[in-house]
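The values are calculated or read from the model by the stated rules, or taken from the named source; none is laboratory data. Note that the coordinates shown come from a computational prediction; the quantities given were computed from them, not determined experimentally. Please note: Cβ atoms are built from the backbone with ideal geometry, for glycine as well, and neighbour counts cover all protein chains shown. Remember, those area values only see protein heavy atoms, side chains included, never the ligands or the DNA or RNA. Shrake-Rupley method; radii C 1.70, N 1.55, O 1.52, S 1.80 Å.
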Amino acid sequence: MDLFSNLALGFGVALSLKNLALCFTGCFIGTLIGVLPGVGPIATIAMLLPITFGIDPVGALIMLAGIYYGAQYGGSTTAILVNIPGEATSVVTTLDGHQMAKQGRAGVALGISAIGSFIAGSVATVLIAALGAPLTRMALLFGPAEYFSLMVMGLCFAVVLARGSILKAIAMILLGLLFSTIGTDLETGQERMTFGFAPLSDGLDFAVLAMGIFGFAEVIKNLENPETRDVVRQKVGRLLPNLAEMKQSAMPIVRGTFLGSALGILPGNGAVLGPFASYTLEKKLAKDSSRFGRGAIEGVAGPESANNAGAQTSFIPLLTLGIPPNAVMALMVGAMTIHGVIPGPQVMTKNPQLFWGMIASMWIGNLMLLIINLPLIGLWVKLLKVPYRLMFPAILLFCCIGIYSINNSPVDVAMTAFFGLFGYALIKFGFEPAPLLLGYVLGRLLEEKMRQALIISRGSFMTFVERPISAGLLVVAVIVLVVALLPSIQKKRDVVFTE
Amino acid sequence: MLRPRIAAPQDFAGGLFLIAIGLGALWASSGLGMGTLRAMGPGMLPKSLAVMVAGLGVLLLLTSLRVEGPALDRWSLRGLIFVLLGACLFALTIRGSDLPFGFTLPAIGLIAAGPLVAIVSAFASPETKWGEVLLFAAFMTALCAGIFKYALGLPIPLAPWLLGY
């Protein structure tokens, strides 16, 4: 049993005292920052990236993964207690979670969310371990053409999964790809679109772009609206759900876990769809669907499980194919590269300790979230009562120090401010920035693989459709786009996202 | 005479925005060679992407004339200016910098640049109470110095003029 010996190796690494401590610290500070309203996982990780620099690669990645889960869970906490979703995926949680909180059942909502996330995380961990090896073997069959087509497919998914107009989403992807070409061309060594500005010759730092668009621009946007945060005044109440509530949530958790896991594997940020899909499904299956939106526990249990499962299975494309499926994973790539690990199929064979250690730590991280968050909910409630007028200068200070520390470069901070302006403009013009980040993330790899494929095929684009795997991936991409453009589906899509 | 009416002002502005970026990128990459498909030059991808971005901008612009859509949002300049100014001041003063026309800014380190960010950005909110901002700025800076400099040992300058690091 390869799977078990591998997992045993992983747990051996992850259970060392030092790595346990790192995992704990990561989960804790991840939640701490993630709880702050308007600070999602992307900004949290970009902010906290520098604190992992002094640690060995295995420990650093374990800690970062912990920060990621912590930020996710912190976002759910804010969604339930304050009705402010930290990011797209916790929008659904606000619907019933906040209603439960208003009825004095905040504790149960947070409890079931933690339990659901833990169950989902455990299943997803096993899934990653099981799929890791076969997918890695498959990745070795991939040539440049297949990689190119796979990324195109991922980008098409991202277009479909973005909110709002498809046209605008495509524009964002292309803009992201365009930004990725800034800097020295790796093939010819020529500087591209740098305007002779030396700090640009290495290209834009992804953390700078992400922090500008998801950190600074968010803060400016939040400042526009006068503070209307209503932290629940009702009692948080007991945390552990009773037997009847557990029974009600059991099946939603199972269904949410599978939906979320399946969607999370898709390249192109499929994970965002998980909670929406799970909520819609639960509402359809419920005997009395009018309870939804009024504090139905199934409406918290299902989406939260889907959310966490997707968050975790989105590691699969990164660890096996080396393709980050979303912005968070792109930050992970950044962190790995800093530590000299190049994500891709070779990680598992060359660096089994790191690969399996990280997977095992995912499960431990989920357990820790359960253990540290249940007793700490009182602390988060207090933190959420700090008014935004005090919180935002602190958030900005963290952002500045974080960005500065990544490269010890003051210019990076100024560039982040520039992208804050850019991100704010995007918000005002009604563009959703998430696809831009994905386009940026995949841009360099996409260009490299396209070049290689075209060199091999002597300049013929036919290579992408002549090779069966590549053609299959492109067909899927086209189908997805066409389906999304059908008017009937488009209506449904609007319903899913506005619900 | 009827004034032409734009059905979706937000999309109209968004279209212009994309066209401007596309044209800007086309201009910025004008010196780069296209190469051939067999050996793509450095300019091939940036130029094609710039054209596509501008093209989508045109498309968005045209649809915005006919299809009804949301109005333009008002920009809140106050938040924009002070938040970004705070970050830029941090960038300029953390290690000091040379400005055009012979001006120089001293390296004031985290001890002073930290409160500077907090205080300048606090102007962005109409709800700011100065007493608590000053107190909070001092507290957060001390906390960050403790975490980032002492606990993690990151090479961020603390107070070069006072401590020498």
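Worth a mention:
- Test result for B:SER29, within 7 Å of chain A (Cβ to nearest Cβ) and out of contact with any Leu (no Cβ under 8 Å at 6 or more places or on another chain): yes
- Checked against the criterion of being open to solvent by 20 Å² or more (accessible area, probe 1.4 Å), closer than 25 Å to A:GLY26 by Cα, more than 13 Å from every other protein chain (Cβ to nearest Cβ) and touching a residue at least 12 places away in the same chain (Cβ under 8 Å), region A:382-389 contains one or more residues that satisfy it.
- Qualifying residues in region B:1-53 (those that are among the polar types (S, T, N, Q) and not in a loop (DSSP other than H, G, I, E, B)) - the one modelled with the highest pLDDT: B:SER48
- Test: residue in region A:269-276 that is in a loop (DSSP other than H, G, I, E, B), more than 12 Å from chain B (Cβ to nearest Cβ) and in contact with a Phe, Trp or Tyr (Cβ under 9 Å, 6 or more places away or on another chain): yes
- In region A:1-55, counting only helices (runs of 4 or more DSSP H) that sit wholly within it, the ones holding 3 or more residues that are within 23 Å of the chain's Cα centre (by Cα) span A:17-35, A:41-48.
- Taking helices (runs of 4 or more DSSP H) as the structural unit, those lying wholly within region B:54-162 and holding at least 1 residues that are more than 26 Å from A:LEU421 (Cβ to Cβ) correspond to B:109-122, B:130-144.
- Odd one out for A:THR89 among (1) at pLDDT 85 or above; (2) part of a helix (DSSP H, G or I): (1)
- Consider region A:390-416 and keep the residues that are surrounded by fewer than 20 Cβ atoms within 10 Å (Cβ to Cβ) and in a helix (DSSP H, G or I). The one that is modelled with the highest pLDDT is A:VAL411.
- Any chance B:SER97 is surrounded by 16 or more Cβ atoms within 10 Å (Cβ to Cβ) and closer than 30 Å to A:SER409 by Cβ: yes
- One residue alone among B:GLY69, B:GLY102, B:GLY55 is within 23 Å of A:ASN225 (Cα to Cα), among the small types (Gly, Ala, Ser), more than 7 Å from chain A (Cβ to nearest Cβ) and open to solvent by 20 Å² or more (accessible area, probe 1.4 Å), and that residue is B:GLY69.
- Of all residues in region A:170-195, those satisfying the criterion of being among the small types (Gly, Ala, Ser) and open to solvent by less than 10 Å² (accessible area, probe 1.4 Å) are A:ALA171, A:GLY176, A:SER180, A:GLY183.
- Across region B:24-45, the qualifying residues are those that are touching a Lys or Arg at 6+ places or on another chain (Cβ under 6 Å) and not aliphatic (A, V, I, L, M), and the one among them that is farthest from A:LEU442 (Cα to Cα) is B:ARG38.
- Against the test of being more than 7 Å from chain A (Cβ to nearest Cβ), closer than 18 Å to A:ILE182 by Cβ and crowded, with 21+ Cβ neighbours inside 10 Å, the options B:MET44, B:MET34 yield a single qualifying residue, B:MET44.
- Test: residue in region A:225-242 that is part of a helix (DSSP H, G or I), over 19 Å from B:LEU32 (Cα atoms) and open to solvent by 20 Å² or more (accessible area, probe 1.4 Å): no
- Filtered by the rule that a residue be modelled with pLDDT of 85 or more, within 24 Å of B:ALA54 (Cα to Cα) and facing chain B (nearest Cβ under 7 Å), region A:191-228 gives A:ARG192, A:MET193.
- Residue pairs whose Cβ atoms lie under 7 Å apart, separated by 6 or more positions or on different chains, with the first residue in region A:24-45 and among the aromatic types (Phe, Trp, Tyr) and the second crowded, with 24+ Cβ neighbours inside 10 Å, are A:PHE28/A:GLY70.
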